[in-house]
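Notes to accompany the following structure.
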Amino acid sequence: MWGGRFEGGPSAIMREINASIPFDKALWRQDIAASKAHVAMLGACGIVAGEDAVLISEGLDKVAAEYEANGVPEDWDLEDIHMTTESRLTELIGPAAGRLHTARSRNDQVATDFRLWVRDSIDQIDAGLEALQVALVTRAGEHADSIMPGFTHLQTAQPVTLGHHLMAYYEMISRDRSRFADARKRMNRSPLGSAALAGTGFPIDRKMTAQALGFDAPTDNSLDSVSDRDFALDYLMAASQCSLHLSRLAEEFIIWASQPFGFVALPDALSTGSSIMPQKKNPDAAELVRGHAGRITGCLTALMMTMKGLPLAYSKDMQDDKPPVFEAASLLALSVAAMTGMVADTRFRTDRMRGAAELGFATATDLADWLVREGNIPFREAHHITGAAVKLAETRGLALDQLPLSDLKEIDSRIDERVFKALSVEASVAARNSHGGTAPDQVRLRVAEARSALGLE
């Protein structure tokens, strides 16, 4: 492969550290597609004879069929997917295969293949995230009126609806999809034809190959084209943020499934048992999703450190760009699928949720708000009055709405019997009818908008 420059072959150590075929064989579909676009352009521009271009293209189809049927062979002497494909092509069609590499380098070849792979991966994960959103919206619609405790600091704060809670994750996933979409748009330029680093002296048509591969246009600087891995970092940044959202959702299910909460019964298909304790039903899928977030963000850190301080244009360090992206993509796809199944198939124990919402004086803010509205009391004074009422209720072992009116009037004479209409958990959630609030009507409105955005109506 290296021609007459070297008298001998690489040592066993060099051969092992240098070979990337064990992982970059994942690029074979993209490598075939880019090679076919390249040779079609070479033929159209008269750089390669028409009959050779046809022969090469047909040969590439045969190589692709072999890979599809039997997988990509791993010959470490051939180093990577590019030379593996060219070697097999040569075996199939003879010396004409050597014309395929005219006006390109492995540098622009791998930059193109990798962009295509990341672009495909974005399309796949977007479909998975859309399915997760459908599950969230569907369950939120079912539970627009189901009351549960809302938490801050994992302490009971105010009553909310389960539908509102689930729709919060719909919003998070919407932002994740937008980040992936932005990354896809930014990366959709073709580096093919940049050659090793300086472009080529052959009269190629880079716009033709860009169009054939679905890119918006060719890249504008050959040095940047072969050294840029921003697209991979953009992908990993979006994947990392998405994994954090999935981890937060997983943590909710883990907590809710614990016996002290008992808010959910997780699907058997996404749970495991214990080898010693027959009663156990462990939320292992959710725990693994939570754990995968650490690995995915680790992949981002790994590639950032690989790219830190690299001079233009291509350096062999960049061979290590693909494993973290491949790992993150696999873990993210698994995590999205697991959480989609969990959201879709979990049984929500709304009776336990509503009972918990009545604990912890969750309607204390409603008492303060009532004092402001009905008593024309400044909120800070109302806050103080409510605090005294909570302290009394806690001492008596009662809920706020169980305190006798006489006791409340002793705290502040401006309180009257109308206050009890504001202190139920149903009244509390219904009152939060501001845009984006937890009121059932607001939840149903947001669900309807989301279903429309997802094309479900």
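The values are calculated or read from the model by the stated rules, or taken from the named source; none is laboratory data. Not measured: the values here are computed from a predicted model. Methodologically, a virtual Cβ is constructed for each residue, glycine included, from the backbone with ideal geometry; neighbour enumeration extends over all protein chains shown. For the accessible areas, the whole protein counts, side chains as well, though only heavy atoms, and no ligand, DNA or RNA atoms are used. Shrake-Rupley method; radii C 1.70, N 1.55, O 1.52, S 1.80 Å.
Descriptive notes on the structure:
- Note on ASP75/VAL54: beta-carbon distance plugged into 1/(1 + (r/R0)^6) with R0 of 30 Å gives a FRET efficiency of 0.65.
- Count Lys and Arg as plus one, Asp and Glu as minus one, and take only other residues whose Cβ is under 9 Å from that of TRP76; the net charge is then -4.
- Counting only heavy atoms of the protein chains and using a 1.4 Å probe, PHE261 has close to 50 Å² of accessible surface.
- Cα centroid separation, the stretch 169-245 to the stretch 134-156 (Å): 38 Å
- Length released on extending from ARG248 to ASP120, taking residue separation times 0.36 nm less the Cα-Cα span: 43.4 nm
- Extending 7 Å from Cα along the Cβ direction at ALA269 and again at ALA333 yields two label points whose distance is 1.9 nm.
- Ordered from largest to smallest accessible area (heavy atoms of protein chains, 1.4 Å probe), the residues ILE415, ILE254 come out as ILE254, ILE415.
- Taking 27 Å as the straight-line reach from the Cα of LYS62, the lysines in range (excluding those fewer than 8 positions away in the same chain) are LYS25, LYS36, LYS207, LYS322.
- For the chain: relative contact order, % (alpha-carbon pairs under 8 angstrom, 6 or more apart): 17 percent
- For ASP182 and LEU456, a Förster radius of 30 Å and the Cβ-Cβ distance give a FRET efficiency of 0.80, rounded to the nearest 0.05.
- Taken as entire DSSP H runs, the helices of the chain that both span 15 Å or more between Cα atoms along their own long axis and average 1.0 or more on the Kyte-Doolittle scale are 322-345.
- Largest to smallest in accessible area, the residues LEU197, LEU236 fall in the order LEU197, LEU236 (1.4 Å probe, all protein chains included).
- Between LYS281 and GLU417, the contour length at 0.36 nm per residue exceeds the alpha carbon distance by 44.3 nm.
- Residues HIS383, HIS435, HIS165 ordered from highest to lowest accessible area at a 1.4 Å probe: HIS435, HIS383, HIS165.
- Anisotropy class of the stretch 1-134 from Cα gyration tensor, a/c 1.5 cut: oblate
- Distance from the stretch 367-441 to the stretch 57-127 (C-alpha centre basis), Å: 69 Å
- For a modelled paramagnetic label at ARG396, 7 Å from Cα along Cα-to-Cβ, the residues of the stretch 357-373 in reach, with backbone nitrogen under 18 Å, are 358-368, 371.
- Think of each Lys and Arg Cβ as +1 and each Asp and Glu Cβ as -1; about the Cα centre, that makes the dipole of the chain roughly 720 debye.
- Net charge dipole, the stretch 12-102: roughly 220 debye, given to the nearest 20, about the Cα centre with Cβ charges of +1 for Lys and Arg and -1 for Asp and Glu.
- For the chain, with +1 on Lys and Arg beta carbons and -1 on Asp and Glu, the positive-most of ALA168, ALA232, ALA53 along the dipole: ALA168
- LEU445-HIS383 pseudo-label distance in nm [points 7 Å out on the Cα-to-Cβ vector]: 2.8 nm
- Inter-site label distance for ALA217 and ARG352 at 7 Å from Cα along Cβ, in nm: 5.7 nm
- Classified by the C-alpha gyration tensor, the stretch 223-378 has an oblate form. Its axis ratio a/c, with a ≥ b ≥ c, is 1.5 or above, and a/b does not exceed b/c.
- With the whole protein complex present, ILE385 retains an accessible surface near 10 Å², based on a 1.4 Å probe.
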